[in-house]
Amino acid sequence: MYPFTLERPTSLAAAAQLATDGAKPLAGGQTLLAAMKLRLSSPDQLADLSGIKELTGIRREGNAFVIGAMTRHLDVANNADIKATLPALADLAANIGDRQVRAMGTLGGSVANNDPSACYPSAVLALGATIHTTTRKIAADEFFLGMFATALKDGELITAISFPIPKRAAYMKFKQPASRFALVGVFVAQFDAGARVAVTGAASGVFRHKALENAISKNFTSEAAASVKIDATELNSDIHGSAAYRANLISVLTQRGVAKALSLRA
C-alpha cells in the first residue's frame, strides 16, 4: 500500500464536501481497497462513509423499499420485511460473494462501482429503482452507462435506492466459481404494467432484454421465455464461457426465474 489520507466524516454534508474536493468515497471497500493494493487505483484521500448514520437503514414507503446506500448486503439479506415482501432482493443479497463480502459490502458501493458482473445492478434495473443522490434522483434506466460507468457526476454520492415492489420477482445466478460474481445473472420482475428482465455478467454492462420482456409480459410463463431466441452477437466470450454459452444461460435462467417467481407468489 502507499501513503494516503483517510477522512472520517460524520455528516452527509461533510462527506459531500470531501467528495467535491476530490476525496474518493470509501463504502464497504470490497472493490476499492483491493484495487489500491494492486495499484489499479491510487487516490490521495479517502472519505470513509461508515460513520454517517443517515446512509444506513431499510424502510417501507408506500409500495417501495428505500434502502440506505451504506446498508450492508447481509442486512438486506436478513431483513424480515424484504424477505416477506420482496424475497428476490433478499435472495440476491444473500448470495453475493462470501461471508466477508456480505458483511462489509454495501448496496451503494456496488451500484456506484457498476461492475459488469455484479448482482445488485440487475435488481436496480429490473425493478425500475430510483437512485437517490446528494443532488438529485436518477431513474435506473438512465443510471447505468456501460462498464464501470454511471450517471454519477464528480462529487455526487448515492444516499439511498428506492425499490418498487413487484407482483412477482426472482433472481437466478450462474456463478463464476472463483470470483462468485455472475457469469450470467438474470433478474425477472412482473408488474401490472408488464415485465422487466435485467441481465448481468453476460456483456460489458447490465442491460434489459426487451425481447424477453415482451414475451413474458404477454404470458408470464417459462414456455414464453423459452420461445425467445437470444442473440449472442454482443455478449462476452472468454475462458469461462463463449458468447453462445452465455446466450443459452440467459434463456435458461430466465425460464427458471419465471418459474421461481410463480412459485413464490402463487
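Read the figures in this text as sums done on the coordinates, not as results from a lab. Keep in mind that this is a model prediction, so the values were computed, not measured. Neighbour counts are summed over all protein chains in view; Cβ atoms, including those assigned to glycine, are modelled from backbone coordinates with ideal geometry.
Couplings 3J(HN,Hα) of region 66-76, computed from phi: 9, 10, x, 4, 8, 5, 6, 4, 4, 5, 5 Hz, in residue order, whole Hz [Karplus 6.51 cos²θ - 1.76 cosθ + 1.60, θ = phi - 60°; x for Gly and Pro]. Annotation note: trypsin sites (Lys or Arg not before Pro) in region 107-167 located in DSSP loop regions with a Cβ neighbour count of at most 14 within 10 Å are Arg136, Lys153, Lys167. Mind checking region 169-265 for trypsin sites (Lys or Arg not before Pro) that DSSP puts in a loop (not H, G, I, E or B) and that have at most 10 other Cβ atoms within 10 Å? Answer in residue order: Lys229. Extension gain, Lys167-Glu234: 0.36 nm per intervening residue step, less the Cα-Cα distance, totals 21.0 nm.
Here the translational diffusion coefficient of region 18-136 follows from Stokes-Einstein with Rh set to the Kirkwood radius across Cα pairs; for 37 °C and 0.692 mPa s it amounts to 219 µm²/s.
When only Cα pairs under 8 Å and 6 or more residues apart are kept, what is the percent relative contact order across region 1-69? That works out to 40 percent. Only one residue of Pro177, Ser204, Thr233 has its Cα farthest out toward the positive end of the dipole of the chain, where Lys and Arg carry +1 and Asp and Glu -1 on Cβ, and that residue is Pro177.
Extension gain, Lys24-Ala149: 0.36 nm per intervening residue step, less the Cα-Cα distance, totals 43.4 nm. The radius of gyration of the Cα set in the chain, together with its Dmax, comes out at 18.2, 57 angstrom. Helix 243-264 and the longest principal axis of the C-alpha atoms of the chain enclose an angle of approximately 80°. 3J(HN,Hα) along region 93-102, derived from phi through the Karplus expression 6.51 cos²θ - 1.76 cosθ + 1.60 where θ = phi - 60°, amounts to 5, 5, 10, 7, x, 10, 4, 5, 4, 5 Hz, with x in place of Gly and Pro.
What you get for region 168-264, charging only the Cβ of Lys and Arg (+1) and of Asp and Glu (-1), is a dipole of about 240 debye around the Cα centre. In whole angstrom, how far apart do the alpha carbon centroids of region 9-39 and region 141-172 sit? Their Cα centres are 19 Å away from one another.
The mean sequence separation of alpha-carbon pairs under 8 Å and at least six residues apart, normalised by the residue count of region 168-264, gives a relative contact order of 30 percent.
What the Cβ-Cβ distance of Ser42 and Arg99 gives, at R0 = 30 Å and to the nearest 0.05, is a FRET efficiency of 0.55. How large is the charge dipole for region 1-112, taken about the Cα centre, if only the Cβ atoms of Lys, Arg (+1) and Asp, Glu (-1) carry charge, to the nearest 20 debye? Dipole about the Cα centre, nearest 20: 220 debye. Over all directions, the projected convex hull of the C-alpha atoms in region 168-264 averages 5.8 nm² in area.
Per-residue Karplus couplings for region 183-188, computed as 6.51 cos²θ - 1.76 cosθ + 1.60 with θ equal to phi - 60°, are listed in order as 5, 8, x, 10, 10, 10 Hz, Gly and Pro entered as x. Dividing the mean sequence gap of close Cα pairs (under 8 Å, 6+ apart) by how many residues the chain holds gives a relative contact order of 15 percent. Within region 21-84, the trypsin sites (Lys or Arg not before Pro) that combine a DSSP coil assignment with at most 15 other C-beta atoms in a 10 angstrom radius are Arg39. Length gained on full extension, Ala193 to Glu54, computed as 0.36 nm times the residue gap minus the Cα-Cα distance: 46.7 nm. Could you check what % of the DSSP bridge pairs in region 1-111 are antiparallel, to the nearest 5? The answer is about 45 percent antiparallel. The sum of -39500 (n - 2.57) across all DSSP H runs of n ≥ 4, divided by the residue count of the chain, sets its helix-only mean residue ellipticity at 222 nm to -9500 deg cm²/dmol. At an R0 of 45 angstrom, the distance between the Cβ atoms of Lys218 and Arg180 translates into a FRET efficiency of 0.80. Other residues with beta-carbon under 12 Å from the beta-carbon of Cys119 carry, at +1 per Lys or Arg and -1 per Asp or Glu, a net charge of +2. Counting only residues at least eight positions apart within a chain, or on another chain, the lysines with an alpha carbon under 20 Å from that of Lys218 are Lys167, Lys210, Lys229, Lys260. Taken as Cα centroids, region 81-123 and region 199-248 sit 21 Å apart, rounded to the nearest whole angstrom.
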